[in-house]
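Novice: Got a structure here, written out as structure tokens. Questions coming.
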Amino acid sequence: MSADRIDGKAFAATVRMKVAEHVARIKEGGITPGLAVVLVGEDPASEVYVRNKGKQTLEVGMNSYEHKLPADTPEAEVLALIERLNNDPMVHGILCQLPVPDHIDDAKVINAIAPEKDVDGFHISNVGLLATGQKSMVPCTPLGCLMMLRDRHGSLSGLNAVVVGRSNIVGKPMAALLLKDSCTVTIAHSRTKDIEAVCKQADIVVAAVGRAEMINADWIKAGATVIDVGINRIAAPERGEGKMRLVGDVDYASAAEVAGAITPVPGGVGPMTIACLLANTVTACCRANGLPEPEGLTA
Ligand code: NDP
């Protein structure tokens, strides 16, 4: 058996198109959704992410506001900027690119963002709302995974789902979303006993571990859907000396022999994350203005 490949790049393009259509409709009423991104410091990877976010925000017709601050910016100054953005009616979504420099408390910064503008879904109020099954802003990566799973299965009700990884940004919100969609959810982690057997019971496996190709065919039930969130850089001597390549937490070639559907790395979950950030921003704008929310772009 060879699994269907879930094309995250194509899926993300569809999400962006739906966002752009909704943005166009909102703009007819004289409102333009706006996303503000705060970057503190010069981390090269963060600069690339912020550039991509800004570019894609403009491409769907929204306003993009980038605030780049030097690495030694005092915490109070970052908090004052967040406060200004909270009060700016042109800004519907705010995110602070992580990681921030050591002298800044990231939890303090995240919790300073107005919850209704917290398009990363990391504010403690949004965490609590999601955990209690209420309407919230949902973290982008798990939201992207959920969209792909709903597209594959229709209803997720009653399916056995195993989420491998219990981080606050992926594993826990993913589990909460699957539970909200009435899956029977198990969260596995580094202390889980016989993790292979646990995963093998699952109709859905979401891998968010950060261990290159840890999960192989022996962990997967025949026909299961496998969502690979992991992004790991490993040596690729076949490409030349010192060259690297990206792999997921799942051994794709092996797992694809058994699974019913599987996301590749790269080109699976990755492209969905920014697409869902744009979706969250348009959702936040609709909620702020009492407009109908876009269908299929929220949890
Ligand atoms: P964290 O390091 O915060 O969490 C990893 C989790 O995996 C922990 O809960 C840990 O368990 C668990 N774990 C570690 N080793 C094992 C093991 N041997 N067996 C079982 N569980 C294990 O990572 P993140 O959640 O932030 O990210 C996970 C992966 O997803 C990374 O590769 C990251 O790069 C990627 N990622 C991709 C995104 C995308 O856009 N595609 C976005 C965010 C992350 P314990 O708690 O017990 O230590």
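Novice: Do any cysteines of the chain lack a neighbour Cys whose Cβ is under 4.7 Å away, and which are they?
Specialist: Cys with no partner Cβ under 4.7 Å: Cys96, Cys145, Cys183, Cys199, Cys285, Cys286.
Novice: Please report how far the C-alpha centroid of segment 47-116 lies from that of segment 210-288, rounded to the nearest whole angstrom.
Specialist: After rounding, the separation between the Cα centres reads 27 Å.
Novice: A follow-up question, please. Stretched out fully, how many nm does the piece from His103 to Ser254 gain, at 0.36 nm a residue minus the Cα gap?
Specialist: 50.0 nm
Novice: Mind checking the dipole of segment 30-126: about its Cα centre, +1 per Lys or Arg Cβ, -1 per Asp or Glu Cβ, Debye to the nearest 20?
Specialist: 380 debye
Novice: Turning to a different aspect of this structure: Through the Karplus equation 6.51 cos²θ - 1.76 cosθ + 1.60, θ set to phi - 60°, convert the phi angles of segment 24-29 into ³J(HN,Hα) values in whole Hz; use x for Gly and Pro.
Specialist: Working through the residues one at a time gives 4, 5, 5, 5, 4, x Hz.
Novice: When N counts the residues of segment 30-126, how does its alpha-carbon radius of gyration compare numerically with 2.2 N^0.38 Å, as a ratio?
Specialist: 1.02
Novice: How large is ³J(HN,Hα), in whole Hz, for each residue of segment 132-143 in order, when computed from phi with the Karplus curve 6.51 cos²θ - 1.76 cosθ + 1.60 and θ = phi - 60°, using x for Gly and Pro?
Specialist: Using θ = phi - 60°, the values come out as 9, x, 9, 4, 8, 8, 10, x, 5, 5, x, 4 Hz.
Novice: Place a +1 charge on the Cβ of each Lys and Arg in the chain and a -1 charge on the Cβ of each Asp and Glu, then give the dipole magnitude about the Cα centre in debye, rounded to the nearest 20.
Specialist: Using only the charged Cβ atoms, the result is roughly 540 debye.
Novice: Then there's this: Label Arg287 and Thr184 with points 7 Å out from Cα along Cα→Cβ: what is the distance between them in nm?
Specialist: Those two pseudo-labels are separated by 3.2 nm.
Novice: If you don't mind, another one. At 222 nm, what helix-only mean residue ellipticity would the chain give, in deg cm²/dmol to the nearest 500, using -39500 (n - 2.57) for each DSSP H run of four or more?
Specialist: The per-residue figure over the chain is -12000 deg cm²/dmol.
Novice: So, taking all protein chains as they sit and a 1.4 Å probe, how much accessible area belongs to Tyr65, in Å² rounded to tens?
Specialist: Per-residue accessible area (Tyr65): approximately 60 Å².
Novice: Based on C-alpha coordinates, I'd like the Rg and Dmax of segment 155-195, in Å.
Specialist: Computed over the Cα atoms of segment 155-195, radius of gyration and Dmax are 10.2, 31 Å.
Novice: Ignoring ligands, DNA and RNA, what percent of the 1.4 Å accessible area of segment 140-271 is carbon and sulfur?
Specialist: Carbon with sulfur: 48 percent of the solvent-accessible area.
Novice: Net charge near Thr298, counting Lys/Arg +1 and Asp/Glu -1 over other residues with Cβ under 13 Å of its Cβ?
Specialist: +2
Novice: Right, here's the next one. With 10 Å bins from zero, work out the P(r) of segment 55-213 over every alpha carbon pair and list the percent per bin.
Specialist: For segment 55-213, the binned pair fractions read 10, 32, 31, 20, 7, 0 percent.
Novice: Still on this structure, please answer the following. Rank Met137, Met17, Ala222 by how far each Cα sits towards the positive end of the charge dipole of the chain (+1 on Lys, Arg Cβ; -1 on Asp, Glu Cβ) and give me just the farthest.
Specialist: Ala222
Novice: Would you kindly state how much longer the chain becomes between Thr192 and Asn87 on full extension, computed as 0.36 nm times their sequence separation minus their alpha carbon distance, in nm to one decimal?
Specialist: 33.3 nm
Novice: In the chain, which longest range has no trypsin sites (Lys or Arg not before Pro) that are both DSSP loop (not H, G, I, E or B) and surrounded by at most 11 other Cβ atoms within 10 Å?
Specialist: 1-190
Novice: Determine how large the accessible area of Glu66 is when every protein chain is in place; take a 1.4 Å probe and give Å² rounded to the nearest 10.
Specialist: Number for this one is 80 Å².
Novice: To check my understanding: the extent here is largest minus smallest coordinate of the Cα atoms along each principal axis. What are those three numbers for the chain, in Å, largest first?
Specialist: 53, 46, 33
Novice: Any idea of Ile220's accessible area? Nearest 10 Å², probe 1.4 Å.
Specialist: Accessible area, nearest 10 Å²: 0 Å².
Novice: Cα convex hull of segment 140-271: how many Å³ per residue?
Specialist: So the per-residue Cα hull volume is 104 Å³.
Novice: Now for a different question. For a 19 Å ceiling on Cα separation, which of these pairs sit above it: Lys53/Lys243; Lys18/Lys172; Lys135/Lys172?
Specialist: Pairs exceeding the cut-off: Lys53/Lys243; Lys18/Lys172.
Novice: Would you calculate the volume per residue, in Å³, of the smallest convex hull containing every Cα atom of segment 96-146?
Specialist: Normalising the Cα hull of segment 96-146 by residue number yields 77 Å³.
Novice: With each label point set 7 Å from Cα along the Cα-Cβ vector, what nm distance links Ala235 and Ala71?
Specialist: About 2.9 nm separates the two model spin labels.
Novice: If you place +1 on the Cβ of every Lys and Arg, -1 on the Cβ of every Asp and Glu, and leave all else neutral, what size is the dipole of segment 140-271 about its Cα centre, to the nearest 20 Debye?
Specialist: In debye, rounded to 20, segment 140-271 gives about 400.
Novice: How tilted is helix 44-59 with respect to the longest principal axis of the chain? Cα atoms for both, answer in degrees (0 to 90, nearest 10).
Specialist: Long axis of 44-59 versus the principal axis of the chain: about 70 degrees.
The values are calculated or read from the model by the stated rules, or taken from the named source; none is laboratory data. If you're wondering where the values come from, they're calculated on a predicted model, not measured in any experiment. Glycine gets a Cβ as well: all are built from the backbone with ideal geometry, and neighbour counts include every protein chain shown. The accessibility values were calculated without ligands, DNA or RNA, using every heavy atom of the protein model including side chains. Shrake-Rupley method; radii C 1.70, N 1.55, O 1.52, S 1.80 Å.
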